[in-house]
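The values are calculated or read from the model by the stated rules, or taken from the named source; none is laboratory data. Quick caveat, the model's predicted, so the values are computed rather than measured. So basically every Cβ, Gly included, is an ideal-geometry build from the backbone, and we count neighbours across all protein chains shown.
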Amino acid sequence: MRTLSFSSSSKEEILAALRRPTQDWSRYREAARAIIDAVRREGDRALIRFTRQFDGVELSSIRVDADDARGALRSLPNDLRDAVEFAAENIKRFHEKDIADAAKSVETRPGVLCWNERRAVPSAGLYVPGGTAPLLSSVLMLGIPAVLAGVDRIALCTPPGKDGKIAGPVLAACALLGIEEIHAVGGAQAIAALAYGTESVPKVAKIAGPGNVYVSAAKAEVSIDPQGAAIDMLAGPSELLLIADGTAEPSLVAADMLSQAEHDPQSQVVLLSVGAALPAAVERELAEQIAALPRREIAAAALAGSVVVSVESLADAVELANHYAPEHLSIQTERPEEVLARINNAGSVFLGPYSSEAAGDYCSGANHVLPTSGTARVQGGVSVRTFQKDITVQNLTRDGLRSLADATVVLARAEGLEAHARAVELRFSLFP
């Protein structure tokens, strides 16, 4: 890991070190467009061809029988099933709060009621990455908010394994949530299928879920096409920023860093240390702990691109954290709540030594599909609201309209929109 000191390095050098690696998105988008075009022309035939080309699997059908998912749920070892159900219950409890605060009316003037009617999107496509691990937790994090939102039709796509099948735990999680429309297809071709539809995969209104650069490129492409589909966000590699002071336990800091680094070689970990003593202790712990990890090569590659910055004060750490806007922010300081009060940009925050980021990945209840690449400056993670939209409603009495009439007429005529003004005045001439 690269180590810098905020006191000896210029601020510009620190900010440059925290800059995420840039991607040349043009080549990924070009490749995604070619895949999307093929899927739109050929439907399932293209999905099967791309699955053979990219996943090395020959499939006869993309659709997975829901009975297979129910069988996978029954076949789960008891401890794993208990853990999945435990996580699902906590995630459900957390996201139910999004339903409780719906549709509160506001009387802006006597007789003028305004409110939002919340409605689910008609259909949603959930993308669960495959790759090196069966991400059953992502099924829960995407599926539970979609179910709670009231989405009528939920379709899930995930890449098949080398045996041509979807991992049993992923299928089991689908069965637990009642998701029966499951498709063994991944990559940009899955996004194209969800956005435009094929013989097996009906079109959806909105797509949610993380993926690799080709998935993100495809999501970007379909989201700007009026005939495509809306998306949740463009998610990049996972990232964790830690703010730690002299009270932090080096072994826990190192463990949290490794838990994020083992996701992907492109994952980024940043440690902002208040004082110069902690980084050396953390480095020793990293070297000791990484040796015992099955995914140590992945973690080591991620740590090679990560950064440690020694800062002189928590104020400096907060400034850098807000600039970086991390997906995950761990605050391991003497009074973490006081630091949180000054944090404006983060996807998900973990306070104190017991709030492991790993718990948030699985079963604390908060969602783990979060904004990356600095987009936490402007958006949050997946929630029930991801799968809903608001319909604004106004209900005016005669007295209510009378209280608005003068201002409405003046504003309309100031904009040169005479019909607007007359639409208000006519009501009082017709119903004196």
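Among residues of the stretch 9-38 being in contact with a strand residue (DSSP E or B) (Cβ under 9 Å, 6 or more places away or on another chain) and small (Gly, Ala, Ser), the one that is modelled with the lowest pLDDT is 9.
Scanning the stretch 210-225 for residues that are within 16 Å of residue 372 (Cβ to Cβ) and among the hydrophobic types (A, V, I, L, M, F, W, C), we see that the one that is modelled with the lowest pLDDT is 213.
Condition check ((1) part of a helix (DSSP H, G or I); (2) surrounded by 19 or more Cβ atoms within 10 Å (Cβ to Cβ); (3) of a type outside the set (Asp, Glu)) across all residues:
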position: 237; (1), (2), (3): no, yes, yes
position: 254; (1), (2), (3): yes, yes, yes
position: 260; (1), (2), (3): yes, yes, yes
position: 266; (1), (2), (3): no, no, yes
position: 270; (1), (2), (3): no, yes, yes
position: 281; (1), (2), (3): yes, no, yes
position: 284; (1), (2), (3): yes, no, yes
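Given the criteria surrounded by fewer than 12 Cβ atoms within 10 Å (Cβ to Cβ) and either aliphatic (A, V, I, L, M) or at negative phi (or both), does residue 55 qualify? Taking the combined requirement at face value, the residue does not satisfy it. Taking residue 68 as the residue in question, decide whether it is within 20 Å of residue 180 (Cβ to Cβ) and either touching a His at 6+ places or on another chain (Cβ under 6 Å) or not hydroxyl-bearing (Ser, Thr, Tyr) (or both). In short, yes.
In this structure, residue 301 does not qualify as assigned to a helix (DSSP H, G or I), in the same structural domain as residue 14 (by TED's automatic domain parsing) and closer than 17 Å to residue 273 by Cβ.
Among the residues making up the stretch 286-308, those that are among the small types (Gly, Ala, Ser), buried (at least 16 other Cβ atoms within 10 Å of the Cβ) and under 15 Å from residue 3 (Cβ atoms) are 305, 306. For the stretch 35-112, the helices (runs of 4 or more DSSP H) that sit wholly inside it and include 3 or more residues that are in contact (Cβ under 8 Å) with a residue 60 or more places away in the chain and under 30 Å from residue 197 (Cβ atoms) are 44-50, 66-75, 78-95. Residue 150 satisfies every condition listed in (1) at pLDDT below 95; (2) more than 16 Å from the chain's Cα centre (by Cα) except (1). Give the residues of the stretch 318-340 that are crowded, with 22+ Cβ neighbours inside 10 Å and acidic (Asp, Glu), sorted by residue number. Selection gives 327 alone. When the stretch 17-34 is filtered for residues that are touching a residue at least 60 places away in the same chain (Cβ under 8 Å) and either farther than 29 Å from residue 304 by Cβ or not in a loop (DSSP other than H, G, I, E, B) (or both), the ones remaining, listed by number, are 17, 18, 25, 28, 29, 31, 32, 33. Within the option set 236, 228, being at pLDDT below 95 and closer than 23 Å to residue 143 by Cα holds for one residue only, 236. The set of residues from the stretch 113-144 being assigned to a loop (DSSP other than H, G, I, E, B) and among the polar types (S, T, N, Q) comprises just one member, 132. For beta carbons closer than 7 Å, sequence separation of 6+ or different chains, a first residue in the stretch 268-280 that is touching a residue at least 60 places away in the same chain (Cβ under 8 Å) and a second that is among the hydroxyl-bearing types (Ser, Thr, Tyr) and in a strand (DSSP E or B), the qualifying pairs are 276/310; 279/3; 279/273; 279/310. Restricting attention to the stretch 109-129, does a residue exist that is among the aromatic types (Phe, Trp, Tyr) and farther than 27 Å from residue 205 by Cβ? The answer is no; no qualifying residue exists.
Looking at 266, 289, just one residue is of a type in the set (S, T, N, Q) and under 22 Å from the mean Cα position of the chain (by Cα), and that residue is 266.
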